[in-house]
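Beneath this line is the structure, given in structure tokens, with notes to follow.
The values are calculated or read from the model by the stated rules, or taken from the named source; none is laboratory data. Note that the structure is a prediction, hence the values are computed from the model and not measured. Neighbour counts run over all protein chains shown; Cβ positions are idealised from the backbone, glycine included. The accessibility values were calculated without ligands, DNA or RNA, using every heavy atom of the protein model including side chains. Shrake-Rupley method; radii C 1.70, N 1.55, O 1.52, S 1.80 Å.
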Amino acid sequence: MSEISSLNTIEEIVTEVLNSIHPDVMLVAASKTRTPEEVQAAIHAGVKVIGYNYIQEAERIYQTIGNVVQWHMIGHLQSNKVKVAVKLFDMIETIDSVKLAQLVDKQCALENKIMPVLIEINSGKESNKTGILPENVDKLILKISNLHNLRLQGLMTMGPRFGNPEDARPYFKATKRTFDRLKKLDIPNVEMKYLSMGMSNSYKIAIEEGANIIRVGTKLFGGRKEN
Ligand SMILES: *Cc1c(COP(=O)(O)O)cnc(C)c1O
């Protein structure tokens, strides 16, 4: 496939996905490994938010794309990258410990910035995955509600990756139940507004289960070399 036609394909697929979802559902283009031209094609077709997993890659792509879109951190955030992350991102979807929350809050205070954040839930309870276990989320939320430079706005989950996307449904359902329960607690400085779940193979199921942020990569851009 020539360069031009693959960029056209990205635009067509983005248009198709945007037309197929409710306008209240936010499409985050998971853009790891993509060229600036590919990301730009997605933006041209209507993508308003791009998600990155690695700070260095995001910094590099930022040079070309700039702030014409919102930037979401969707990968695990390391302590030594917090400073750059606070500068670059409009939302951090992957807060999963008190320590990380405190570091981000402190850096935001220095920068005079309020950072919208989501808590990443390890809904599959997989020991090799990032995210906080569902049973520990209440404690973390109460701590975050006291951090004045963070605005907790919801939850994010990956869920286990299965061949069959239907198998992810119970994990999405469980995360939605946690989301609804936390919303009812009505904690000060906590607004349960966004539920980020679903990827290329599972976003339709995630939306059925209440997601209003979906993070889609492969479906928009084609297969990645890694993974
Ligand atoms: C890569 C990635 C996605 C998108 O996955 P695809 O299968 O390419 O759609 C979503 N969320 C996170 C956290 C990712 O790292």
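Looking only at region 175-202, count every residue that is more than 16 Å from Ile121 (Cα to Cα), within 14 Å of the ligand (Cβ to nearest atom) and open to solvent by 10 Å² or more (accessible area, probe 1.4 Å) and tell me the total.
Residues that pass the stated criteria total 2.
Would you confirm whether or not region 10-20 contains a residue that is within 25 Å of Asn80 (Cα to Cα) and within 12 Å of the ligand (Cβ to nearest atom)?
Taking region 10-20 and keeping what is within 25 Å of Asn80 (Cα to Cα), we get none.
No, region 10-20 contains no residue that is within 25 Å of Asn80 (Cα to Cα) and within 12 Å of the ligand (Cβ to nearest atom).
Quick check on my filter: what residues within region 38-68 are within 15 Å of the ligand (Cβ to nearest atom), among the small types (Gly, Ala, Ser) and over 17 Å from Glu93 (Cα atoms)?
Within region 38-68, just Ala42 meets the criteria.
Against the definition (open to solvent by 10 Å² or more (accessible area, probe 1.4 Å), in contact (Cβ under 8 Å) with a residue 24 or more places away in the chain and of a type outside the set (Asp, Glu)), how does Pro134 come out, yes or no?
Working: open to solvent by 10 Å² or more (accessible area, probe 1.4 Å): yes; in contact (Cβ under 8 Å) with a residue 24 or more places away in the chain: yes; of a type outside the set (Asp, Glu): yes.
For Pro134, the condition - open to solvent by 10 Å² or more (accessible area, probe 1.4 Å), in contact (Cβ under 8 Å) with a residue 24 or more places away in the chain and of a type outside the set (Asp, Glu) - is met.
What number goes with the only condition from (1) over 15 Å from the mean Cα position of the chain (by Cα); (2) under 20 Å from Ile21 (Cβ atoms); (3) among the charged types (D, E, K, R) that Lys225 does not pass?
Going through (1) over 15 Å from the mean Cα position of the chain (by Cα); (2) under 20 Å from Ile21 (Cβ atoms); (3) among the charged types (D, E, K, R) one by one, Lys225 breaks only (2).
Look at region 203-225 and say how many of its residues are open to solvent by 20 Å² or more (accessible area, probe 1.4 Å), under 19 Å from Glu93 (Cβ atoms) and out of contact with any Lys or Arg (no Cβ under 9 Å at 6 or more places or on another chain).
Total meeting the criteria: 2.
Examine region 114-133 for a residue that is at pLDDT 95 or above and farther than 27 Å from Arg161 by Cα, and state whether such a residue exists.
yes
Of everything in region 82-108, what is among the aromatic types (Phe, Trp, Tyr) and either in a helix (DSSP H, G or I) or open to solvent by 50 Å² or more (accessible area, probe 1.4 Å) (or both)? Give them in sequence order.
Matches in region 82-108: none.
Only one residue in Glu126, Glu111, Glu16, Glu59 is surrounded by fewer than 20 Cβ atoms within 10 Å (Cβ to Cβ), free of Cβ contacts under 8 Å to residues at least 12 places away in the same chain and not small (Gly, Ala, Ser), so which one is that? Step through it out loud before you land on a result.
Numbers: Glu126 fails: free of Cβ contacts under 8 Å to residues at least 12 places away in the same chain; Glu111 fails: free of Cβ contacts under 8 Å to residues at least 12 places away in the same chain; Glu59 fails: free of Cβ contacts under 8 Å to residues at least 12 places away in the same chain.
The conditions single out Glu16.
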